[in-house]
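Down below is the structure, laid out as structure tokens.
What follows is calculated from the coordinates using simple rules that are stated; it is not laboratory data. In this text the structure is predicted, and so the values were computed from the model without any measurement. Reconstructed Cβ throughout: ideal geometry from the backbone, glycine too, with neighbour counts over all protein chains shown.
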Amino acid sequence: MNKRFSFKEADPGIYKALTAMESYVASVKEVSPLHKEMIRIRASQINGCSYCIAEHTADARKLGETEQRIYLLSVWREVPQFTEEEKIILALVDEVTLIHREGLTDATYEKALAAFGAPKTAAIVMMVITINAWNRIGISGRKVPE
């Protein structure tokens, strides 16, 4: 696989803008650090970004996430290891990441609003958008785990 340019070096302004988005979502207190990593891992699984999967699974482990739950993220609908709140978060991740399918469905949107309220739901969606952008940079730049 041929090495590609670094987005950070090619256009520091674009990279700085995305880093600002990442800083904002990292500062949101209403979403736990572990749930933030869950969002990042799940979107990265869907998108196939090996670099982000490696990075965020390591971060989740440091926060105390279990190996079993990390392995089961890809089949979260079929297993009992995730709370109802986590299932709503993961449904948001799946539907926003796979926006071309059905978009964010009314059912998921209503569940999220009922469980979290508008500000937290908006923050979760923004987190999904941000990791999707990072995934696209990682994949386009052929960034792989070390």
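Tabulated results
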{"quantity": "C-alpha center-to-center spacing [the range 13-43, the range 67-93] in angstrom", "calculated": "19"}
{"quantity": "For the range 82-141, the fraction of alpha-carbon pairs in successive 5 Å shells from zero, as %", "calculated": "4, 19, 28, 25, 14, 6, 4, 1"}
{"quantity": "Structure-derived Cα extents along the principal axes in Å - corresponding label in [x] 49, 39, 27; [y] 44, 31, 30; [z] 61, 35, 21", "calculated": "[y]"}
{"quantity": "Nearest-0.05 FRET efficiency for D106 and K62, computed from C-beta distance (R0 35 Å)", "calculated": "0.45"}
{"quantity": "Nearest-0.05 FRET efficiency for Q81 and M126, computed from C-beta distance (R0 22 Å)", "calculated": "0.25"}
{"quantity": "Of the DSSP H helices in the chain, those whose Cα atoms cover at least 30 Å axially and whose Kyte score averages 0.5 or more", "calculated": "106-140"}
{"quantity": "Positive-end residue of S6, L113, V28, charge dipole of the chain with Cβ unit charges", "calculated": "S6"}
{"quantity": "Relative contact order (%) - criterion: Cα under 8 Å, at least six apart; region: the chain", "calculated": "36"}
{"quantity": "Neighbour net charge for R142 - beta-carbon separation under 11 angstrom, K R +1, D E -1", "calculated": "+3"}
{"quantity": "Hydrodynamic radius of the range 1-86 per Kirkwood, over alpha carbon pairs, in Å", "calculated": "14.6"}
{"quantity": "Highest-first arrangement of 4-16, 37-49, where packing means the average Cβ count within 10 Å", "calculated": "37-49, 4-16"}
{"quantity": "Rh by Kirkwood over Cα pairs, then Stokes-Einstein D for the range 38-108 at 1.567 mPa s and 4 °C, µm²/s", "calculated": "103"}
